Every structure is written in C-alpha cells, then in structure tokens.
Amino acid sequence: MYQIAKEKLPELFRKITQTQELYLPVEACGQVNYAPWSEDAKVDLDTLKTVKSAKDAFFPQSENLYTCYRDGKKISITPEALQEQPFVVFGMKSCDLRGVEVLDKVFLADPVDTFYAARRAHGTIVAMACHEPEDSCFCKAFGIDCANPKADVAIWMTGEALYWKAQSGKGEALTELVKDLLAEAADGEEKVDAEKARIHKIAEALPYMQLSLDGWGKDVLEEKFNSPLWEKLYRPCLACGTCTFVCPTCQCYDIKDYDTGHGIQRYRCWDSCMYSDFTMMAHGNNRTSQMQRFRQRFMHKLVYFPANNDGIFSCTGCGRCVEKCPQSLNIVKVIKAFAAQGGKTNE
C-alpha cells in the first residue's frame with residue numbers, strides 16, 4: 001500500500017495526463033460532475049456524490065455512431081472511431097462501481113456493444129471510499145460496501161493523506177506510472193482499517209441502510225406486476241425523467257439522425273422509460289399510461305433485471321433519486337410501500 005499527501009494531488013493528476021485522459025469530479029456552475037482534468041479545473045473530491053454518476057465515461061449521454069455522405073447516387077458510410085486512448089476515471093464510489101457492473105451485463109452480453117466495450121477496455125477506475133456517507137444512501141441493502149471499493153485502484157482519504165492500493169492488472173500499471181509520487185505506507189493497513197471502521201459506523205446509523213429487499217427479486221413477477229398499489233404510488237409522478245438521468249444503472253437510449261448540411265450523423269442519446277414517447281413506433285406505444293411507465297421502471301430494477309442476471313438488482317442504493325426527485329417519489333418509497341401494505345391498497 002502507498003500514500004500521497006493531498007497537497008501533491010495536482011502533481012499526480014498532471015502525471016497521469018502525460019499519457020492518458022483523466023476524468024474526475026469537477027465543480028462548475030455550483031454543481032459537481034465528472035469532467036476532464038485541466039490545470040484550472042476546480043477538482044472536488046470532498047463532495048460525496050456527483051449530480052450524475054460516472055457512467056458517462058463508459059456510456060456517454062450522447063455519442064455519434066456513424067456518418068452517411070451522398071455524392072450523386074453514391075452513398076458512403078463512415079463509422080465513428082472506437083475509443084483507443086487510455087483514460088482514468090478517478091474518485092468513483094462503490095455504488096457507482098456496481099452501476100458499471102450492471103452496465104457490463106447489458107452492453108457486454110451478446111451482441112456486444114463495441115463502443116462500450118472499447119471504453120471498458122481502455123478505462124482504468126480509481127475508486128474512493130465514502131468518507132462521509134449521507135442520509136440518502138442505502139447501498140448496504142444491495143450488498144455494497146461503501147468503505148471498501150472494488151476497483152482497479154482503491155483509495156482512502158484520511159487527514160492530509162490519500163492511501164492507494166492497486167487491485168488489478170490495470171491498477172498495477174497505473175501505480176507503476178505514478179510510483180515516483182507515491183511513498184510506501186508503513187502504517188497504511190492500520191490507518192485504512194480504522195477509516196473503514198469509522199465509515200461503517202456512520203453507515204450503520206443512516207435511516208435507509210437497513211432497507212429490506214424481502215419480497216423482491218426473481219419469482220415475484222405476477223405478484224408485483226398485478227398489485228393495485230401501483231395505481232396509488234404513481235399519481236404524484238411528473239414523468240420528468242430526472243430519476244433516470246441521475247441513475248448509475250439506467251441504460252435506455254434512443255437513436256436519431258442529424259443533418260449536418262454535409263451529411264447525416266446517426267447518434268444515440270440517453271432516453272427514459274418514464275417518457276410517453278419512449279420506444280414509440282408506428283403502431284403506438286406498448287405502455288400507454290403513466291402508471292404503466294412508472295411500474296416499468298421499478299419492476300425492471302427490482303424484478304426483471306435480477307431475474308435475468310443472477311439475482312443482481314439494477315439499483316445501487318446511491319440515493320440520487322432520493323435527493324433529486326421533485327415529488328419525493330423514489331425507489332425507497334416504493335419498496336417501503338410494498339413492505340407496509342404487502343402490495344395491497346387500503347380500501
């Protein structure tokens with residue numbers, strides 16, 4: 001295990017960017033999100049959760065797929081180049097790491113999404129333990145340890161030092177690259193163990209960490225799908241889609257064409273199952289009411305996905321939807337409502 005003084009972090013970032021791109025939490029316009037590092041970037045490693053997760057690094061909000069050109073009667077197609085430049089995503093938390101695991105199961109399954117696969121192959125993740133978990137967090141309910149991130153490199157911030165531990169081949173390669181800035185941490189394991197214990201103590205006292213998932217998962221499809229409780233739960237929903245855009249696991253997208261005046265760019269961009277025109281086709285939409293769309297979101301995360309992916313839920317307990325939903329209508333409320341009423345309404 002190694003350590004580096006916090007004051008030397010700009011040197012670390014500068015060293016990494018000599019050979020690869022670096023994305024990390026940056027404050028801009030009063031909000032913290034992942035962005036490329038630059039000398040004048042206002043890096044913020046203290047904010048627990050960025051507004052959006054770091055999934056942008058592997059599944060961008062918008063990306064070109066190919067461009068079509070016409071010359072008379074001749075049409076040519078130029079595919080967008082796949083990611084070739086190595087890059088580092090610095091500061092991800094355990095909940096967002098689980099989000100990447102979920103995306104892996106979607107985009108790396110047959111047929112493999114080559115754009116996503118290229119980014120995963122060239123990306124190295126440096127993940128940071130959650131120094132101060134917050135009231136909206138409930139990662140423990142999904143078996144996630146916020147104090148012990150499982151990434152290429154795990155880091156812990158304590159006092160004026162950052163402790164660094166490589167955990168994969170990519171992590172070892174990155175460590176070798178910046179080794180001249182790192183120092184051997186003789187008491188590193190002891191300091192990190194104390195930090196983990198402190199984080200666990202905070203997490204245990206948080207209101208949602210003991211959230212029970214009993215009654216969810218596979219083999220409950222008909223019971224949950226047909227529950228009349230959905231008719232009561234969905235009503236405050238504004239269909240704004242905020243929950244899907246801040247979520248680290250949502251993977252819905254649309255494909256559109258844009259006329260540049262010199263050709264047609266085909267691109268994909270994030271979409272939301274909460275929108276009335278999502279997957280709209282000539283015959284209409286399979287989910288014609290907001291209740292059905294609302295139900296789809298939570299059934300997918302808590303029933304459909306685990307039923308098809310070895311029991312892994314498509315929720316990480318990051319708490320972003322808890323914080324951002326303008327109607328306080330989030331996944332915790334849904335789970336608690338079913339637990340309290342057993343899926344039945346009070347007549």
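This model, with +1 at the C-beta of Lys and Arg and -1 at the C-beta of Asp and Glu, gives the chain a dipole about its Cα centre of some 1180 debye.
Where both bridge residues fall in segment 1-120, DSSP classifies roughly 80% of the beta bridges as antiparallel.
Potential lengthening of the chain between Glu172 and Glu231 amounts to 16.1 nm, from the contour at 0.36 nm per residue minus the alpha-carbon distance. Stokes-Einstein, applied to the Kirkwood radius of segment 102-231 over Cα pairs at a viscosity of 0.890 mPa s and 25 °C, places its translational diffusion at 137 µm² s⁻¹. Note on the chain: helix-only mean residue ellipticity at 222 nm, from DSSP H runs of 4+ residues weighted -39500 (n - 2.57) and normalised by residue number, equals -8000 deg cm²/dmol.
Stretching the chain fully between Glu222 and Met280 yields a gain of 18.4 nm (0.36 nm per residue, less the alpha carbon separation). A crude spin-label estimate for the pair Val51 and Glu189, with each label 7 Å from Cα along the Cβ direction, gives 4.3 nm. Name the residue from Ala81, Pro60, Gln3 whose Cα lies farthest towards the positive end of the charge dipole of segment 1-138, charges +1 on Cβ of Lys and Arg and -1 on Cβ of Asp and Glu. Final value for the positive-end residue is Ala81.
Once divided by 2.2 N^0.38 Å, the Cα radius of gyration of the chain becomes 1.08. In the chain, excluding the sites themselves, the longest stretch lacking any of the trypsin sites (Lys or Arg not before Pro) that are in a DSSP loop with at most 12 other Cβ atoms within 10 Å is 74-343. FRET efficiency for the pair Tyr69 and Leu213, taken as 1/(1 + (r/R0)^6) with r the Cβ-Cβ distance and R0 = 41 Å, rounds to 0.20. In this structure the amide hydrogen of Thr124, modeled in the peptide plane, comes within under 5 Å of the amide hydrogens of Phe87, Val88, Val89, none closer than 5 places in sequence on its chain. Calculate the FRET efficiency for Asn309 and Glu160 from the Cβ-Cβ distance with a Förster distance of 45 Å, rounded to the nearest 0.05. According to the calculation, E is roughly 0.60. When the inverse distances between all different Cα atoms of segment 33-91 are averaged and flipped, the Kirkwood radius reads 14.9 angstrom.
For Lys196, the lysines whose Cα comes closer than 21 Å to its Cα, not counting residues fewer than 8 places off in the same chain, are Lys6, Lys49, Lys93, Lys140, Lys150, Lys165. In a reduced charge model with +1 at each Lys and Arg Cβ and -1 at each Asp and Glu Cβ, segment 89-198 shows a dipole moment near 340 debye about its Cα centre. If the chain linking Glu11 and Gln341 were pulled fully straight, counting 0.36 nm for each residue of separation and taking away their Cα-Cα distance, it would gain 113.3 nm. Of the GluC sites (Glu not before Pro) found in segment 1-49, the ones in coil according to DSSP and having at most 10 other Cβ atoms within 10 Å of their Cβ are Glu39.
None of the figures in this text is laboratory data; all of them are computed from the coordinates on show. Just so it is clear, the model here is predicted, and its values are computed rather than measured. Note that each Cβ is placed from the backbone with ideal geometry, even for glycine, and that neighbours are counted across all protein chains shown.
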